[in-house]
1. From 215, 221, grab the single residue that is part of a helix (DSSP H, G or I), away from the ligand (no atom under 13 Å from the Cβ) and either assigned by TED's automatic domain parsing to the domain that holds residue 113 or farther than 24 Å from residue 349 by Cβ (or both).
2. Going residue by residue through the stretch 184-198, is there one that turns out to be within 16 Å of the ligand (Cβ to nearest atom), β-branched (Val, Ile, Thr) and not in a loop (DSSP other than H, G, I, E, B)?
3. Which residues, counting only those in the stretch 125-139, are more than 8 Å from the ligand (Cβ to nearest atom), in a loop (DSSP other than H, G, I, E, B) and either buried (at least 24 other Cβ atoms within 10 Å of the Cβ) or not assigned by TED's automatic domain parsing to the domain that holds residue 233 (or both)?
4. Which strands (runs of 3 or more DSSP E) sit wholly inside the stretch 305-415 and have at least 1 residues that are in contact with an Asp or Glu (Cβ under 8 Å, 6 or more places away or on another chain) and assigned by TED's automatic domain parsing to the domain that holds residue 183?
5. Out of the residues in the stretch 290-304 that are of a type outside the set (Gly, Ala, Ser) and not in a helix (DSSP H, G or I), state the one that is surrounded by the most Cβ atoms within 10 Å (Cβ to Cβ).
6. Here is a list: 350, 399. Which entry is surrounded by 19 or more Cβ atoms within 10 Å (Cβ to Cβ) and in contact with a helix residue (DSSP H, G or I) (Cβ under 6 Å, 6 or more places away or on another chain)?
7. Could you tell me whether residue 210 is not assigned by TED's automatic domain parsing to the domain that holds residue 336 and not in a helix (DSSP H, G or I)?
8. Any residue in the stretch 162-175 that is within 16 Å of the ligand (Cβ to nearest atom), within 18 Å of residue 126 (Cα to Cα) and among the hydroxyl-bearing types (Ser, Thr, Tyr)?
Amino acid sequence: MSDSLPAGAADGATEFPVAAQRAKFPALARAGDFIFFDNAAGAQIPQGAFDAVNDHLLNHNVQRGGPYDRSRAVDASVQRGRESVADFLNARDPSEICFGMNATSFIRLVSLGVAQTISRRNEIVVTDLDHDANVATWLALERMGVNIVWWKMRDGGVLDVNDLKPLVNQRTRLVACTVVSHALGSLVDVAAAARIAHAAGADIFLDCVHYSPHAPIDVQAWDCDFLVCSGYKAFAPHMGFLYGKREKLVALPTFREDFIPNEPPYKVEAGTFIYENVAGMDAAIAYLAELGATIGGRNEPASRRENLLRAMTAIKTYETRLSRAMLEALHFAGATVYGVSDAAHVDRRVPTFAFNLPGVKPLAICDAMSDAGIGIREGHMYTPRLMRRLGVSPETGVVRASLVHYNTLDEVKRFGEVLKGLRAR
Ligand SMILES: Cc1ncc(COP(=O)(O)O)c(C=O)c1O
């Protein structure tokens, strides 16, 4: 069943302990007053994740599956990783969690399996809001008999589920969409999208890469069939994980060597993945669970899932404050903000902002920010189609500033001052 927080828990009444959380990220202290505003391209890592990677490499850097203690320690560490990721996602069972290299390779792997199940249901719905990793992989199936159907975003930079309804029918095999736009920050009502897909007998595949550091994930409440995340966006080292409903993973044709058990998660895990980074992911989740266990001076015992839910809800609430402040700074500087730009609707976005300043090239903005010790990014954000929809050339693209819970309102203020100075030039 899906779960929810007890009334009043981590609802924003509690001040978010940003200084205490920042102290747990060694890279933030080392960087001095440098501002990390490029988190959508990869977030920093808490001390616990470094320690877990080190511990693996120093104490049991051997292949799993061997009849000796060091190898058994690797088996146990991978199993712990599956259990903690299962709690992070609210999966029913750790066997629904598969580990691998990154999100793109998992999307490709699932798409190749889906391609083998194509019959009269040969349509796949993709969106023009998604990262190309969750578009190009499905488009590549066209030569295998798949017809692509486009779920297009509205001009305001959001996907509306009412536009999905007429696209889905008895020919639809799968809907592939993101949970939130990594470029614009706009959230998608994925639970409603799943209901629409399922009512037509289709599956839904969710790209949760950009959403995972921002708010609670609940695969049961969303009722998704597959969901993919990437560790380096969620305070862990480089690795990826795939969730699949057990029956969907059982039914998915995959490549597997003869000696690999034909059952999830093993049948989905081609080759050796990076055990130390799985240990790092486990530790990143422990960092989040500890935040949930301690926020607001709370002391009563709770499950890891409850603590994760509490932590991610607190992060979500704090990030709406960052979003409001960012919108204010962007509007004040006269920026064109793509996606949800009304501060009254910050609950419809995460603090990821694509913008342009009239008359100033995106690269010039990034250079000025870099000179001021602020790391942001420009370009097409791996979604050239979306740029064209925004009326922006993919060559120049947009500027993106992407924040997470260790960013502060003071940092937003510094960002706003640099931006204001650019407008004044
Ligand atoms: C929304 C989204 N999906 C997919 C990807 C690809 O992830 P990976 O680098 O793990 O393959 C990214 C990477 O930036 C992303 O932001």
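The values are calculated or read from the model by the stated rules, or taken from the named source; none is laboratory data. Because the structure is predicted, anything quoted here is derived from the model rather than measured. Glycine gets a Cβ as well: all are built from the backbone with ideal geometry, and neighbour counts include every protein chain shown.
1. Values: 215 fails: part of a helix (DSSP H, G or I).
Step by step, each of 215, 221 is checked, and only 221 is part of a helix (DSSP H, G or I), away from the ligand (no atom under 13 Å from the Cβ) and either assigned by TED's automatic domain parsing to the domain that holds residue 113 or farther than 24 Å from residue 349 by Cβ (or both).
2. For the stretch 184-198, residues within 16 Å of the ligand (Cβ to nearest atom), β-branched (Val, Ile, Thr) and not in a loop (DSSP other than H, G, I, E, B): present.
3. So the first thing to find is which residues in the stretch 125-139 are more than 8 Å from the ligand (Cβ to nearest atom), and the list is 125-129, 132, 135-139.
When the remaining residues are screened for being in a loop (DSSP other than H, G, I, E, B), the result is 128-129, 135.
Residues satisfying the conditions are 129, 135.
4. Numbers: elements: 336-338, 352-356, 377-379, 398-402.
Because the criterion is at least 1 residues that are in contact with an Asp or Glu (Cβ under 8 Å, 6 or more places away or on another chain) and assigned by TED's automatic domain parsing to the domain that holds residue 183, no strands (runs of 3 or more DSSP E) in the stretch 305-415 meet it.
5. Quick first cut of the stretch 290-304, residues of a type outside the set (Gly, Ala, Ser) only: 290-291, 294-295, 298-301, 304.
If we keep only those that are not in a helix (DSSP H, G or I) as well, we get 298-301.
Details: 298: 14, 299: 8, 300: 6, 301: 7.
Among them, the one singled out is 298.
6. Working: 350 fails: in contact with a helix residue (DSSP H, G or I) (Cβ under 6 Å, 6 or more places away or on another chain).
399 is the lone residue from the list that is surrounded by 19 or more Cβ atoms within 10 Å (Cβ to Cβ) and in contact with a helix residue (DSSP H, G or I) (Cβ under 6 Å, 6 or more places away or on another chain).
7. Numbers: not assigned by TED's automatic domain parsing to the domain that holds residue 336: yes; not in a helix (DSSP H, G or I): yes.
Considered against the rule, which asks whether it is not assigned by TED's automatic domain parsing to the domain that holds residue 336 and not in a helix (DSSP H, G or I), residue 210 comes out as yes.
8. Checked against the condition, which is being within 16 Å of the ligand (Cβ to nearest atom), within 18 Å of residue 126 (Cα to Cα) and among the hydroxyl-bearing types (Ser, Thr, Tyr), the stretch 162-175 yields no hits at all.
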